[in-house]
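A short worksheet on the structure shown next.
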Protein chains: 2
Amino acid sequence: MNLGILGGGQLARMLALAAAPLGVRVRAYDPGKNACAGDVCELVNGAYDDQASLREFAKGLDAITYEFENIPADTVDMLAALVPVRPGFESLRLSQDRVLEKQALTEAGFEVAPWRQVDDEGQLVDAISEIGLPAILKTRRGGYDGKGQAIIADPADASRAWDSIEGRPAILESMLRFDRELSLVAVRGVDGAMAYYPLVENEHRQGILRVTVAPATNVDTVLQHQAEGMAKRLMSSLGHVGVLTIEFFEVQGRLVANEFAPRVHNSGHWTIDGARTSQFENHVRAVLGMPLGSTEARCPTIMLNCVGDLPNISTVLSCPDSKLHDYRKEPRPGRKVAHVNVCDCLGDRAYELAAKFEIDLG
Amino acid sequence: MNLGILGGGQLARMLALAAAPLGVRVRAYDPGKNACAGDVCELVNGAYDDQASLREFAKGLDAITYEFENIPADTVDMLAALVPVRPGFESLRLSQDRVLEKQALTEAGFEVAPWRQVDDEGQLVDAISEIGLPAILKTRRGGYDGKGQAIIADPADASRAWDSIEGRPAILESMLRFDRELSLVAVRGVDGAMAYYPLVENEHRQGILRVTVAPATNVDTVLQHQAEGMAKRLMSSLGHVGVLTIEFFEVQGRLVANEFAPRVHNSGHWTIDGARTSQFENHVRAVLGMPLGSTEARCPTIMLNCVGDLPNISTVLSCPDSKLHDYRKEPRPGRKVAHVNVCDCLGDRAYELAAKFEIDLG
């Protein structure tokens, strides 16, 4: 079978690597000539609104998926008329807009932090007085890894925050005092079958994921089942096909949903070495209508993100339990260039290992 | 780093898949436009004696390796003047010639079955009377998966056997009554460091590997260490860099070496899912001068070869412990087109699982 991927970054690269053993040929589409997925699959260059190039790209494909959710709606419409685009339009539409996303999460039964829609500076002032501070102002559309966001700790910060997001339609979210961040990677097949990886614990710095501990420690089965049940409702209502990831704050034993991504996710990278089937393989299986694979963890695993620079490769490779995943991207501050999975390893060793591998956790 | 591979079949394909997470870009060289490695890496087409194409292929590479040992010596000489070719000339020279191979195995301390060099039909008759029957006549050079071989059970078969190998320089080997077939996959780094996977048990039909059980059951540590010690001597004497695989007959608890291959090997395919580091990753690490990875088994694993046809994909993917490795090659009788690794699985289930997956073990 032949799978197209919109985007040619590390997620497309890892999808292509997972697709090959399934006998699936991958073609990625990216504006960049050096997009790193191009090392391991066919790469078609073009802009995301270049209909002629997109039409050429779609030829002979059995399905098209994507590695990022900010794809122009016109592009999806045009492609969907030629080839199934999975996950579908609804998953994209809701995840592209933080207001619709919060509503969808709420409808699926998830608790979310207090929030208000903010379309002008006056509404921002009102929202601050309604939900209180600290709060975080985020553009409704676009933005990732902490971009397009501003923290407001004091009412006097409102104007500066509004300017920093260039006065775009936004959402103000209450910043909860949380105990930790968790996420759930789930997958749904064309036939509606669903599977869930165990909840994992994530640490962010400057809005960028740095460490995942999988499975998260001290998660009782009630919490896991609760998360799965709501993910099931969300995916079913979206008619979602493929991997979907939900990020949570844990607040006094409760899960408060923050956002969801209709795709493979950085907090699922541990699954390449730590689960029976990786999130990448399961996404490929799902979007091509194949049976889903087991989401069971093979061992406790930690994932260390390499942001801005590669780790000490020789040290990583000399450690029997660690697996390098180098995306072969030009190092640049704030850029994710690799990750290291350490198998059979408990979370309390994350900082010791990061220091050993010369990974700056920020 | 950039790695070149002579040959673009499934071994090159799996090497390329293992190389990518190490940040290594792969370029394969093969006469076939549809060589299956081309799905997952750059593919250069050319004949193995086309010096101009080979020179172009070698540009910018840090090392060149190969997926088969029958490479013309001139090709290796020419390439080695441009880029390190690993494993080196000596590993190729000895493994290309069954007489030199037996001598090298003997010098490294391995027991081998009685054998005689056979250059004409008269020598064949003498050899039969000296080492007895049954015996197997094999061409000294070329031949794989049972090709270029003829079994001689009766002295009257000698002439027909000689004709069947077209009177080429040959070797007559005594056919031992063996208890089972085992193999050892070993690897040696540029710095001389060595590592060994556990001995595995192999089943062949019509000269083609069908099943590997890893690790082999009932292997005591003495036998494992003995095999490792001799492999160490062999690799050291060859100045070998990369994976090397030795095939054995087990005869009343003794290991009798049959042949070695200076490359990744079908009996090491289980390592993709069943070992901490796959043979493919370790080969890439070795030939590029990186530290070797752990060769420890993660779990008991069986490998089922799909010869001639693909298995029932849906059944394989529905089994939580099985992993499909489809080479995306046109099915054809006798051709290896895929393999299935089943993790956490003991060898006695091989036939039951093959039946379930609709894999014909021959």
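The values are calculated or read from the model by the stated rules, or taken from the named source; none is laboratory data. Note that the coordinates shown come from a computational prediction; the quantities given were computed from them, not determined experimentally. Note that each Cβ is placed from the backbone with ideal geometry, even for glycine, and that neighbours are counted across all protein chains shown. What goes into the accessible areas is simple: the full protein's heavy atoms, side chains included, and nothing from ligands, DNA or RNA. Shrake-Rupley method; radii C 1.70, N 1.55, O 1.52, S 1.80 Å.
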query: Of everything in segment B:229-255 that's of a type in the set (D, E, K, R) and open to solvent by 40 Å² or more (accessible area, probe 1.4 Å), which residue is farthest from B:Gly142 (Cα to Cα)?
result: B:Arg254
- request: Output yes when any residue across segment A:27-41 is in contact with a Phe, Trp or Tyr (Cβ under 8 Å, 6 or more places away or on another chain), of a type in the set (S, T, N, Q) and open to solvent by 10 Å² or more (accessible area, probe 1.4 Å), and no when none is.
  value: no
- line: Note on segment B:73-89: residues within 18 Å of B:Ala261 (Cβ to Cβ) and modelled with pLDDT under 95 are B:Ala73, B:Val76, B:Gly88, B:Phe89
query: How many residues are within 14 Å of chain A (Cβ to nearest Cβ) and among the basic types (Lys, Arg) if we restrict to segment B:1-59?
result: 3
message: Being under 21 Å from B:Arg13 (Cα atoms) and away from chain A (no Cβ under 14 Å): is that true of B:Thr245 here?
response: yes
- line: Matching residues in segment B:304-362 (free of Cβ contacts under 8 Å to residues at least 24 places away in the same chain and touching a Gly at 6+ places or on another chain (Cβ under 8 Å)) number 6
- request: May I ask you to list the residues in segment A:165-191 that are under 30 Å from A:Leu346 (Cβ atoms) and not in a loop (DSSP other than H, G, I, E, B)?
  value: A:Arg180, A:Glu181, A:Leu182, A:Ser183, A:Leu184, A:Val185, A:Ala186, A:Val187
task: Scan segment B:100-149 residue by residue and report those that are over 19 Å from B:Ile71 (Cα atoms), open to solvent by 60 Å² or more (accessible area, probe 1.4 Å) and out of contact with any strand residue (DSSP E or B) (no Cβ under 8 Å at 6 or more places or on another chain).
output: B:Gln103, B:Glu107, B:Asp120, B:Glu121, B:Val125, B:Ser129
query: What about A:Tyr197, is it modelled with pLDDT under 95 and within 22 Å of the chain's Cα centre (by Cα)?
result: no
Strands (runs of 3 or more DSSP E) wholly inside segment B:256-362 that include at least 3 residues being open to solvent by 10 Å² or more (accessible area, probe 1.4 Å) and facing chain A (nearest Cβ under 9 Å): B:322-326
- prompt: Name the residues in segment B:1-42 that are basic (Lys, Arg) and part of a strand (DSSP E or B), would you?
  reply: B:Arg25, B:Arg27
message: Checking B:Arg55 against (1) touching a Leu at 6+ places or on another chain (Cβ under 9 Å); (2) closer than 28 Å to B:Gly229 by Cβ: exactly one of these is not met. Which one?
response: (2)
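The rows are residues; the columns are (1) among the aliphatic types (A, V, I, L, M); (2) surrounded by fewer than 22 Cβ atoms within 10 Å (Cβ to Cβ).
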{"residue": "B:Ala16", "(1), (2)": "yes, no"}
{"residue": "B:Pro21", "(1), (2)": "no, no"}
{"residue": "B:Asn45", "(1), (2)": "no, yes"}
{"residue": "B:Pro84", "(1), (2)": "no, yes"}
- prompt: Quick check: anything in segment A:192-201 open to solvent by 20 Å² or more (accessible area, probe 1.4 Å) and assigned to a helix (DSSP H, G or I)?
  reply: no
